[in-house]
Amino acid sequence: MNESSENIKTKLDFTSESFKKYFANTSWLFSERILRISISFIVAIFVVRYLGPKEYGLYSYVISFSWLFASFSSLGLETISTRETVKHPEKRNEINGTVFFLRLAGGIVAFILIAVVLTITREDTYTSILILIFSASFIFQAFTAIEYYFRGIVKAKFNAYALSASVIISSLLKVIFILLKAPLIYFVIASSFEFVVLAIGLIIVYRINKLSVFYWKYSKKLATTLLKDSWPLALSGVVVMIYMRIDQVMIKNMMSDEAVGYYAAAVRLCEAWYFIPVTLCNAIFPAIVNAKNVGQEFYNNRMQKLYDLLTWLAIAIAIPVTIFSSLIIQLLFGKDFAEAGPVLTIYIWAGVAVFLGVASSQFLINENLTKLSFLRALIGMAINVILNFILIPFYGIVGSAIATLISYTIVTFILFYHPLFFLQFKMMMKSIFGITLFKYILGKKTVYNG
């Protein structure tokens, strides 16, 4: 249903039921993420200090290597299944059941694929065991079908219960292992066990809502439809994981475990903030979908506000971290990790591109332009790998940070040439240069001309 622009109310109505609904949903998501990030971050500081650069480097390598294959497990179904729940809430059991079985099959395939790759590459036995332990968690992640469902019906608080419980239990295990002076393998087990607890928690909150997984049913027809829309996202996820994690894999093979440890410590501080755009976009994606049904101006207005918010949040984070990067590293991880300071100074600015990239992905999914998501991710991966090969031998881990910053930035804006994406490119440029921010400060109405 399209309405004329004069009949569309584009300003936020803080008293509306719609605003209250999405605000409450976003609040739950943020509260859960802040709790999880805070607990994980504090525990991570002790884990990093306990393991030291070399063992923490190996730990990070194990996680990074495993996540290279994560998209074979998720199959790009996360946002697609949420979209289907928004559009067809009456098909709950069919959607949830189909997504569960697809993700279960994907998790098994990912685990087998990892085992095959480890055999071919002749990774050492100890490292291979660590990778397989963590990779086993992909099978239990099939139950995130429940998480997608609660996102679709805008009831994030139930996800928050399960997610918080999983990270709390996993973190407690890590603290216990530090006190017991346990070897590295125990920390990998704790990280994997987090997803087992999450699966159990999701089943419990689903049951609390008087729903049962035993009513789920698999639909071959729906599976075909979902995979038809999600396969570009799945492929995109594969290349995204490669260009997000390949740097640590390359650093280990081109330098050392210690170098990975320094680099991973800085990356952890930067990626700790990435929950902000993901949480916001997951929470308001149903609102973006509905805005499209109301009218183009309303839709554009919401996208512009999303770009503005995420851009200036990213910049507000990057400036102080840049100024105090070395001090932050030494205070949190100790002098042994001093080499991570320059990496943090550079890497933190990749957050601007990441924040905008997450937001623009919502547009691509809503417009069913998932093939473009794959294209830009593929280009970003290629650029990142090439730049890492060139820069690491000359600049070490700092060169890898530069490669990441350049590739992330290019991948976010590279679709400017596409007619349907060009308006989004203009919106992002307005956000970066503060055009809409100044208009907002001056109290002027922002006009979207397309």
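The values are calculated or read from the model by the stated rules, or taken from the named source; none is laboratory data. Computed from a predicted model, the values in this text were never measured in an experiment. In this analysis, Cβ positions are derived from the backbone assuming ideal geometry, glycine residues included, and neighbour counts consider all displayed protein chains. Ligands, DNA and RNA are stripped out before the accessible areas are found, and what is left, the full protein with its side chains, is counted by its heavy atoms. Shrake-Rupley method; radii C 1.70, N 1.55, O 1.52, S 1.80 Å.
Quick notes on this one:
- Taken over region 265-274, the criterion of being assigned to a helix (DSSP H, G or I) and buried (at least 18 other Cβ atoms within 10 Å of the Cβ) is satisfied by Ala265, Ala266, Val267, Arg268, Leu269, Cys270.
- Conditions (1) part of a helix (DSSP H, G or I); (2) free of Cβ contacts under 8 Å to residues at least 40 places away in the same chain; (3) surrounded by fewer than 21 Cβ atoms within 10 Å (Cβ to Cβ); number of the one not met by Leu222: (2)
- Some residue of region 106-114 being buried (at least 19 other Cβ atoms within 10 Å of the Cβ), in contact with a Gly (Cβ under 7 Å, 6 or more places away or on another chain), touching a residue at least 24 places away in the same chain (Cβ under 8 Å) and among the hydrophobic types (A, V, I, L, M, F, W, C): no
- Here region 128-137 is the region considered, the condition is being β-branched (Val, Ile, Thr) and farther than 14 Å from Leu68 by Cβ, and the residue that is least open to solvent (accessible area, probe 1.4 Å) is Ile133.
- Pick from region 65-77, criterion over 14 Å from the mean Cα position of the chain (by Cα) and assigned to a helix (DSSP H, G or I), ranking: surrounded by the fewest Cβ atoms within 10 Å (Cβ to Cβ): Phe72
- The listed residue being open to solvent by 40 Å² or more (accessible area, probe 1.4 Å) and either in contact with a strand residue (DSSP E or B) (Cβ under 9 Å, 6 or more places away or on another chain) or closer than 23 Å to Trp312 by Cα (or both), out of Ile379, Ile390, Ile410, Ile348: Ile410
- For region 74-131, a residue qualifies if it is small (Gly, Ala, Ser) and under 30 Å from Ile185 (Cβ atoms), and the qualifying residues are Ser74, Ala105, Gly106, Gly107, Ala110, Ala115, Ser128.
- Filtering region 166-180 to residues that are in contact (Cβ under 8 Å) with a residue 24 or more places away in the chain and open to solvent by 40 Å² or more (accessible area, probe 1.4 Å) leaves Ile168, Ile169, Val175.
- Exactly one residue out of Ile112, Ile178, Ile108, Ile169 is under 17 Å from Ile63 (Cα atoms) and in a helix (DSSP H, G or I): that is Ile112.
- Which numbered condition Lys292 fails, given (1) modelled with pLDDT of 90 or more; (2) open to solvent by 40 Å² or more (accessible area, probe 1.4 Å): (1)
- Flag for Ile139 being assigned to a helix (DSSP H, G or I), without any contact (Cβ under 8 Å) to a residue 24 or more places away in the chain and either within 20 Å of Phe195 (Cα to Cα) or in contact with a Gly (Cβ under 9 Å, 6 or more places away or on another chain) (or both): no
- The conditions of being open to solvent by 10 Å² or more (accessible area, probe 1.4 Å) and within 30 Å of Asn368 (Cα to Cα) are met by Arg33.
- Flag for Ile189 being in a helix (DSSP H, G or I), in contact (Cβ under 8 Å) with a residue 24 or more places away in the chain, among the β-branched types (Val, Ile, Thr) and open to solvent by 50 Å² or more (accessible area, probe 1.4 Å): yes
- Qualifying residue in region 352-365 (condition: under 27 Å from Ile251 (Cβ atoms), modelled with pLDDT of 85 or more, open to solvent by less than 30 Å² (accessible area, probe 1.4 Å) and not in a helix (DSSP H, G or I)): no
Okay, residues lined up against (1) surrounded by fewer than 22 Cβ atoms within 10 Å (Cβ to Cβ); (2) modelled with pLDDT of 85 or more; (3) of a type in the set (A, V, I, L, M, F, W, C):
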position	(1), (2), (3)
Arg207	yes, yes, no
Lys217	yes, yes, no
Val240	no, no, yes
Glu258	yes, yes, no
Tyr263	no, yes, no
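- Output for region 325-338, where each listed residue is surrounded by fewer than 21 Cβ atoms within 10 Å (Cβ to Cβ) and either part of a helix (DSSP H, G or I) or touching a strand residue (DSSP E or B) at 6+ places or on another chain (Cβ under 8 Å) (or both): Ser326, Leu327, Ile328, Gln330, Leu331, Leu332, Lys335, Asp336, Ala338
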